[in-house]
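The next block holds one structure in the form of structure tokens; read it before the comments.
The values are calculated or read from the model by the stated rules, or taken from the named source; none is laboratory data. Everything quoted here is computed from the prediction, not taken from an experiment. Glycine gets a Cβ as well: all are built from the backbone with ideal geometry, and neighbour counts include every protein chain shown. Just the protein is used for accessible areas: all its heavy atoms, side chains included, with ligands, DNA and RNA removed. Shrake-Rupley method; radii C 1.70, N 1.55, O 1.52, S 1.80 Å.
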Amino acid sequence: MQLTVNGTVHDVDVEDDMPLLWVLRDEIGLNGPKYGCGVAACGACTVHINGVAVRSCQTFVSDVDGPVTTIEGLGTPDEMHAVQAAWLEHQVAQCGYCQGGQMMQAAELLSHTPEPSDVDIDEAMSGNLCRCGTYPRIRAAVKTAAKTLQGT
Ligand code: FES
Ligand code: FES
């Protein structure tokens, strides 16, 4: 089957019920999406399909119905996405394992909620767990990214 990932079309020869996460990591070689729980409970594997944040560990590859974006494709080679820049500014990451998923979830939030409240942020990010407890910095970075995207 063919998958478009970060703007590139890939031919992959895999079983229909292979999780998208395995395809991305083992077949295409994108290691940004992480394996955390495998049961859609931690968010480490979050990617976008058609711009919507999904848990790739629980998405069969045959159910992918549009272009996939991973953290590697969130920005461009020349410019980080505002979320990535804000994460850097706030030095959000500790061990970093969860952070690709966190940024993908945050980017999706800001794509439809340009001025998120604390409640909006907490609700949107509630399925993305961080063992290192970086939640206060995540919230601050989301607010900074929102301002950047609004040009303020
Ligand atoms: S690895 Fe997919 S949600 Fe945890
Ligand atoms: S930064 Fe370590 S799990 Fe989130």
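Based on protein heavy atoms only, region 25-152 ends up with 50 Å² per residue of surface accessible to a 1.4 Å probe.
Phi-derived couplings, Karplus 6.51 cos²θ - 1.76 cosθ + 1.60 at θ = phi - 60°, listed residue by residue for region 46-60: 5, 9, 9, 10, 6, x, 9, 6, 9, 8, 6, 6, 10, 10, 5 Hz, with x used for Gly and Pro. What are the trypsin sites (Lys or Arg not before Pro) within region 59-152 that DSSP puts in a loop, where the Cβ has at most 16 other Cβ atoms within 10 Å? Hits after loop and neighbour filter: Arg131. Short-range pairs are left out: with C-alpha atoms under 8 Å and at least six residues apart, the relative contact order of the chain is 23 percent. With 5 Å bins beginning at zero, the pair-distance distribution over Cα atoms of the chain amounts to 2, 10, 20, 23, 20, 13, 8, 3, 1, 0 %. Considering only beta bridges that DSSP places wholly inside the chain, some 90 percent are antiparallel. Element breakdown for region 39-152 at a 1.4 angstrom probe: carbon and sulfur atoms account for 53% of the accessible area.
Charge tally around Met125: other residues with Cβ under 15 Å, Lys/Arg +1 each, Asp/Glu -1 each, net 0. Shape class for region 79-152: oblate, because the ratio a/c of the largest to smallest gyration tensor axis (alpha-carbon atoms, square roots of eigenvalues) is 1.5 or more and b/c is at least a/b. Applying 0.36 nm per residue to the separation of Phe60 and Gln94 and subtracting their alpha-carbon distance, the gain on full extension is 9.2 nm. With R₀ fixed at 25 Å, the C-beta to C-beta distance from Tyr35 to Ser117 puts the FRET efficiency at about 0.20. Shown here is the pair-distance distribution of region 1-45: with all Cα-Cα distances grouped in 10 Å bins from zero up to the longest one, the shares run 26, 53, 20 percent.
Working note: 222 nm ellipticity from helices only, DSSP H runs with n ≥ 4, each -39,500 (n - 2.57), summed and divided by the residues of the chain, gives -9500 deg cm²/dmol to the nearest 500. Under 5 Å from the amide H of Asn6 lie the amide H atoms of Val68, Thr69, Thr70, each residue being 5 or more positions distant or on a separate chain, with H modelled from the backbone and absent for Pro and chain starts.
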